[in-house]
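Everything below concerns the one structure shown next.
Each reported figure results from applying straightforward, stated rules to the coordinates on display, with no laboratory input. Since this is a predicted model, take the numbers as computed values, not measurements. Heads up, the Cβs are rebuilt from the backbone with ideal geometry, glycines too, and the neighbour counts pull from every protein chain shown.
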Amino acid sequence: MDIETRVTGFIEENCYFATNPATRQTVVIDPGDGAPQLISRLRELDTTVVAYLLTHGHVDHLTALAGLSAAFPAPIHLHSRDAAWCFSDRNNLPGFYDAPEKPESPIVLVQEGDSFEFAGSRWSVIETPGHTPGGICWKLEDGHALFSGDTLFRGTAGRTDLPGGDSRALMRSLRKLASLPEDLVVYPGHGDPTTIGHEKHHNYFMQS
């Protein structure tokens with residue numbers, strides 16, 4: 001699986017394209033902003049989008065979703081606790097982002113332990129609330145990768161001072177992630193990739 005990072009928007013959110021080069025199928029994770037640019041890149045890749053996976057519902061992670069899924073229709077997967085508000089006026093950022101448009105593609109509600117096959121690979125859901133009530137990580141089983149959204153970053157962790165944030169829940173989520181294999185590569189919602197092992201040894205929030 002080829003993983004490409006597309007940095008989107010003024011908050012520099014990471015959207016990921018996970019593409020199977022054999023089948024030319026792509027899974028899109030967290031299409032944050034800049035739908036025209038993301039559409040153009042997908043057309044360059046000459047690929048078919050088979051799924052959209054959201055790690056959580058914040059506007060900077062899904063503003064491009066409606067436009068992108070209109071051009072490349074595919075089911076959208078997210079947790080019910082964030083689906084309840086992420087396409088409403090509660091999810092705007094005044095002066096920067098309006099509330100995101102709700103896409104026409106079908107929405108699949110997921111929970112802990114769910115597993116799916118997309119683009120020839122197995123993807124599993126790990127519930128990691130704290131940054132948002134419905135925060136999740138997507139684990140690419142045979143690609144040995146974890147898409148952590150805004151739960152875990154290189155050297156730090158997600159903020160909990162926004163509506164729905166819960167610092168105790170976030171710490172429980174980080175302890176859950178700390179139990180994963182140390183060589184698992186982590187692709188966060190902002191910033192550079194890391195590994196579970198690096199964060200266990202160098203990230204204060206993973207040592208609490």
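For the range 161-208 and the range 58-92, compute the distance between their C-alpha centroids and round to whole Å.
Each part's Cα centre sits 24 Å from the other's.
What distance in nm separates the two pseudo spin-label positions at T5 and A70, each 7 Å out from Cα along the beta-carbon direction?
Placing both labels 7 Å along Cα→Cβ, they lie 3.0 nm apart.
What number, rounded to the nearest 500 deg cm²/dmol, is the helix-based mean residue ellipticity at 222 nm of the chain, given -39500 (n - 2.57) per DSSP H run of at least four residues and division by all its residues?
-5500 deg cm²/dmol
To make sure I understand, if each residue's beta carbon is the centre and we count other beta carbons within 10 Å, what order do V27, V50 fall in, fewest to most?
Ascending Cβ contact count within 10 Å gives the list V50, V27.
Could you tell me how many cubic angstrom of Cα convex hull volume the chain has per residue? Could you put the intermediate results ahead of the total?
Numbers: hull volume 21.6 nm³, N = 208.
Each residue corresponds to 104 Å³ of Cα convex hull volume.
Label points 7 Å out from Cα along the Cβ direction at R90 and K200: separation in nm?
Distance between label points: 3.6 nm.
Just to be sure I understand the model, the point goes 7 Å from the Cα along the line to the Cβ. What's the resulting D98 to R24 distance in nm?
3.6
I need to check one value: relative contact order of the range 2-206, counting alpha carbon pairs closer than 8 Å and at least 6 residues apart, in percent.
That works out to 16 percent.
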